[in-house]
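Below you'll find the structure, written out as structure tokens, and then a few comments.
The values are calculated or read from the model by the stated rules, or taken from the named source; none is laboratory data. A quick note: this is a predicted structure, and the numbers were derived from the prediction, not measured. Glycine also receives a Cβ, built like all others from the backbone with ideal geometry; neighbour counts cover every protein chain displayed. To get the accessible areas, we keep the full protein, side chains included, count just its heavy atoms, and leave off ligands, DNA and RNA. Shrake-Rupley method; radii C 1.70, N 1.55, O 1.52, S 1.80 Å.
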Amino acid sequence: MTGVLASQQISALIADGRISAQPAIIPEQIQPASLDLRLGKVAYRVRASFLSGHGRSVADRLAELEMHRIDLSQGAVLEKGCVYVVPLMEYLDLPAGLQAVANAKSSTGRLDLLTRMITDGGTEFDRVPQGYSGPLYAEICPRSFSVLVRPGMRLNQIRFREGQAILDDAALRALNAETPLVDGEAVISDGLGFSVDLKPISGTLVGYRAKPHTGVIDLDNIGGYDPEEYWEEVHSDSGRIILDPGAFYILVSREAVHIPPAYAAEMAPYLAMVGEFRVHYAGFFDPGFGHDAAGGAGSRGVLEVRCHEAPFVLEHGQVVGRLVYEKMDQVPQHLYGADLKSNYQGQGLKLSKHFRAV
């Protein structure tokens, strides 16, 4: 077995007790190549973000860093600019050779809701070493909007892999020759490069910038919010915009991306030398994303962009990130978008599912 585990293999791990939860895992959590993780009943407000470190548990570190705890059972607000740790409902008992990686879900990233997984003995965010047995926790830091959360909400997801399954550039070129991965010329260098679209086919709307002072967003309220109350439109007729330090933007890739059914992909940050910004906090692309047979016909990648210390000019077509492709161990029984009512199949420039369409 080598590659990313598919939905049916994740189901088998659950049946074998290698992934367990209280309450039990529900079928809706199982995605083509990942498992959604659910918030537990309590959130710990902590002084600072942390990793547990070798030989130490998250519970030990919470005892040192906890400021107060919040009961989530009736819903509670996580305040913008604060750091929280929430025990997750899921528990792992991985066999030797099986490791895991977590990432924020798309809607989480589009709300600038920094969500990372931590584990006992962990020295990296979002990484689970092979053979790990223990609890899982979500570290949540709302960056742009305060949010209302409840137990069972799914803000991040976990992907399981065995062995080395990442495609090198030669394998990626061969795959692209067999089934094109983008709708234009593929820029392949340490993965598949993608660029920003600042010259839309019609109009001048190129993105959105989060407003600094807004109301709370209830994460269960789908399609219930007016975008104008939370976002400023970003327009350009010149093919460039200037990013403001500290601001958060939703932009879109110029390329329409295709993930064939036997592969998965992860969005990776581009080299820091390209500019003072970070792109994409949520990074899993499931098998079938942008795939014709799953209703995608090429889907553009939505870019979550935060500018750092200095204003930065972003130009149309500038490469801002890369997709790292991995082989699936098996083709999933259900592809992204096909039977899963996926929110972002066939997407263009799009805010999270909490906002009414504009």
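Straightening the chain between SER49 and SER146 buys 33.2 nm, computed as 0.36 nm per residue apart minus the Cα-Cα spacing.
Computing the accessible area with a 1.4 Å probe over protein heavy atoms, can you report the carbon and sulfur percentage for the chain?
The computed percentage sits at 49.
Say R0 is 51 Å: what FRET efficiency, to the nearest 0.05, do ALA177 and ALA63 get from their beta-carbon distance? The computed FRET efficiency comes out at 0.40. Dividing the helix sum by the residues of the chain, where each DSSP H run of 4 or more adds -39500 (n - 2.57), gives a mean residue ellipticity at 222 nm of -2500 deg cm²/dmol. Given +1 at the Cβ of Lys and Arg, -1 at the Cβ of Asp and Glu and no other charges, the dipole of the stretch 169-263 around its Cα centre is 280 debye to the nearest 20.
For the residue pairs LYS105/LYS350; LYS80/LYS211; LYS105/LYS327; LYS199/LYS353, the alpha carbons lie more than 18 Å apart in LYS105/LYS327; LYS199/LYS353.
Peptides 129-135, 223-229, ordered by how many other C-beta atoms sit within 10 Å of their residues on average, highest first, read 129-135, 223-229.
For the stretch 200-250, the solvent-accessible area works out to 52 Å² per residue, with a probe of 1.4 Å and every protein chain left in place.
The length gained by stretching the chain between GLN318 and ALA170 to full extension, at 0.36 nm per residue less their Cα-Cα distance, is 51.0 nm.
Please report the antiparallel percentage of DSSP beta bridges with both residues in the chain, rounded to the nearest 5. Expressed as a percentage, antiparallel bridges in the chain total about 95.
Counting pairs of alpha carbon atoms under 8 Å apart in space and at least six apart in sequence, what relative contact order in percent does the chain give?
20 percent
Per-residue extension of 0.36 nm, minus the Cα-Cα distance of ARG240 and ASN221, leaves a gain of 3.4 nm for this segment. Comparing Cα centroids, the stretch 147-202 and the stretch 27-97 end up 27 angstrom apart. Surface analysis of the stretch 1-140 yields an accessible area of 40 Å² per residue, using protein heavy atoms and a 1.4 Å probe. Ordering 27-37, 212-222, 159-169 by mean Cβ neighbour count within 10 Å, with the highest value first, yields 27-37, 159-169, 212-222.
Could you give the dipole magnitude of the chain about its Cα centre, charging the beta-carbon of Lys and Arg +1 and that of Asp and Glu -1, in debye to the nearest 20?
540 debye
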